[in-house]
Amino acid sequence: MIPVYNNLFTEEDAQAAANAVRSGILSSFGSEVTRLEKRFAEFLKSKYALSCTSGTTGLYLAMLACEKRLGPLVVAVPTCSYAATAFSVDHINGEIIFIDSDLDTWNMDLNALDKTCEQRTTNPINVVLAVHNYGNPIDMDRLMELSKKWGFIVIEDACEAFTSTYKGRQLGSIGDIGIFSFYGNKLISSGEGGMVVVNCDEAYK
């Protein structure tokens, strides 16, 4: 059996965790959180990085930001993904439009997305939640072209794709909003936790 993940924690990691415990600040704010957000944004070349309790929370926050800007959401979600992608839309009572997956990549089939957008003359899709399954990038050039064509916002679910790249660019930094997870089975882990990255001042606020 090939495991999905193997945790690797070093003595340096243990020391850093101990230092956080000794600081007395274990949630919300503190110098280590600020440092993490700053370095995360720098690594992705994004303007902002906002830490949160999980990747699921990050998706929910992204939906709230989109809803504030667009009103009621109609969100395209891939059929092959973790349940949290659809849950984040359901949490705000948005309409979920499932898009079939490409059998070669397991990611959203962009031809199917294009066809669905064309068919929805009323209540058009205004957000696409693009998942990079197992770090395998969706065709971001094509997706951003479709975003311009149909006028939807792109949220990248890069929870499984930290350090994965698309044509030299970090996944999660190409769309309008990027989401990352630090759950126990992710590439970097704090047991729980997540990050939202964004360049738009309005969305960040």
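The values are calculated or read from the model by the stated rules, or taken from the named source; none is laboratory data. Because the structure is predicted, anything quoted here is derived from the model rather than measured. Cβ atoms come from the backbone with ideal geometry, glycine included; neighbour counts cover every protein chain shown. For the accessible areas, the whole protein counts, side chains as well, though only heavy atoms, and no ligand, DNA or RNA atoms are used. Shrake-Rupley method; radii C 1.70, N 1.55, O 1.52, S 1.80 Å.
Remarks
- Evaluated against (1) open to solvent by 90 Å² or more (accessible area, probe 1.4 Å); (2) in contact with a His (Cβ under 9 Å, 6 or more places away or on another chain), Asn107 falls short on exactly one condition, (1).
- For the range 146-165, a tally of residues being without any contact (Cβ under 8 Å) to a residue 40 or more places away in the chain and open to solvent by less than 30 Å² (accessible area, probe 1.4 Å) returns 7.
- The residues of the range 41-84 that are part of a strand (DSSP E or B), more than 13 Å from the chain's Cα centre (by Cα) and surrounded by fewer than 21 Cβ atoms within 10 Å (Cβ to Cβ), listed by number, are Tyr48, Val74.
- Residue check for Ile97: in contact with a Lys or Arg (Cβ under 9 Å, 6 or more places away or on another chain) and farther than 20 Å from Gln170 by Cα: yes
- Test: Leu103 is among the aliphatic types (A, V, I, L, M), in a helix (DSSP H, G or I) and out of contact with any Asp or Glu (no Cβ under 6 Å at 6 or more places or on another chain): no
- Of all residues in the range 4-16, those satisfying the criterion of being among the aliphatic types (A, V, I, L, M) and at pLDDT 85 or above are Ala14, Ala16.
- Residue that is farthest from the chain's Cα centre (by Cα) [pool: residues in the range 132-145 that are within 24 Å of Leu61 (Cβ to Cβ) and open to solvent by 10 Å² or more (accessible area, probe 1.4 Å)]: Met144
- Residues in the range 142-176 that are in contact with an Asp or Glu (Cβ under 7 Å, 6 or more places away or on another chain), within 18 Å of Leu70 (Cβ to Cβ) and either part of a helix (DSSP H, G or I) or among the β-branched types (Val, Ile, Thr) (or both): Leu146, Ile153, Val154, Ile155.
- Among the residues of the range 1-23, those identified as open to solvent by 90 Å² or more (accessible area, probe 1.4 Å) and either farther than 23 Å from Ala161 by Cβ or without any contact (Cβ under 8 Å) to a residue 60 or more places away in the chain (or both) are Met1, Ile2, Asn6, Leu8, Phe9, Glu11, Glu12, Val21, Arg22.
- Flag for Ser189 being open to solvent by 10 Å² or more (accessible area, probe 1.4 Å), of a type in the set (Ser, Thr, Tyr) and in a loop (DSSP other than H, G, I, E, B): yes
- Search result, residues across the range 24-40 that are modelled with pLDDT under 80 and either of a type in the set (Ser, Thr, Tyr) or open to solvent by 70 Å² or more (accessible area, probe 1.4 Å) (or both): Ile25, Leu26, Ser27, Ser28, Phe29
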